[in-house]
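Any read-out appearing in this document is the output of simple, stated calculations on the displayed coordinates, not a laboratory observation. Worth saying up front: this structure is predicted, and the values here are computed from it rather than measured. Cβ sites come from the backbone with ideal geometry, for glycine too, and all protein chains shown count toward neighbours.
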Ligand SMILES: [Zn+2]
């Protein structure tokens, strides 16, 4: 990997050339909807630190958790940990308390338990309406917005946040456990953004109309499906891949793709 950033190369007092930043991000699977985004300058975790919840949801391994919490492992300690919502297959406040300098972002259902334990670095996203909240973080642009959780009957009090983050020159969307709510997508107008990769739960593409709705409501260049039962049979996985050609599917810890 080339570790070049936007900078002038200065040799013997002379400015020789301008080296553009590598517009490249590696996305590594950390279980269920968890991903680690790595550019040459930053590491951002989304829904990446949680514990075992139910057999249908793959948690990160102990080794992976240790790597994310401590310097010197296979992965960098993230600068940011974005959390879509507090359900146990997306978030553990206990594991987040093992971080030191990482800024943890989420609704108050996510950040309140950390603040109560005096965790120093949090950003709380408001949840009153569907406006887009914008933040700058060490050169990265972050947009965070309400995206109602799927199954209103069971989960209407769950605050689910979507994130659009610009990292390594790429724009990456993660929607958490939402569903095709017209009022949400109409408010967000996501096709007006250039989205290089959309990370979605599989059920958004379960329906035959899924691909059409992705195009109408998100319009990403690439798609990555997550939240798949790790016990899915090889035959079912093959059928899913056949049904959705060109769509990336994460089912194995450590699986990775590069967006460039
Ligand atoms: Zn959930």
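Assorted remarks:
- Average Cα contact separation per residue, the range 111-260, under 8 Å, 6 or more apart, as relative contact order %: 15
- Pairwise label distance in nanometres, residue 137 with residue 216, each label 7 Å out on the Cα-Cβ vector: 3.3
- Over the chain, relative contact order from alpha-carbon pairs under 8 Å, at least 6 apart, %: 18
- Backbone N within the range 27-41 under 20 Å of label point (7 Å from residue 252 Cα along the Cβ vector): 27-37
- Within the chain, helix-based [θ] at 222 nm, where runs of 4 or more DSSP H residues each add -39,500 (n - 2.57), nearest 500: -5000 deg cm²/dmol
- Beta bridges assigned by DSSP with both partners in the chain are antiparallel in approximately 65 percent of cases.
- Taking label points 7 Å from Cα along the Cα-to-Cβ direction, residue 154 and residue 243 give a separation of 1.9 nm.
- Degrees, to the nearest 10: 234-243 long Cα axis against longest axis of the chain: 80
- The simple spin-label model puts a point 7 Å past each Cα toward its Cβ; for residue 182 and residue 74 those points are separated by 4.6 nm.
- Prolate/oblate/rounded label for the range 167-260 (Cα gyration tensor, a/c 1.5): oblate
- In plain terms, the chain from residue 129 to residue 236 could stretch by 34.7 nm, reckoned as 0.36 nm per residue minus the Cα-Cα distance.
- Segments 72-85, 119-132, 34-47 sorted - mean Cβ within 10 Å per residue, highest first: 34-47, 72-85, 119-132
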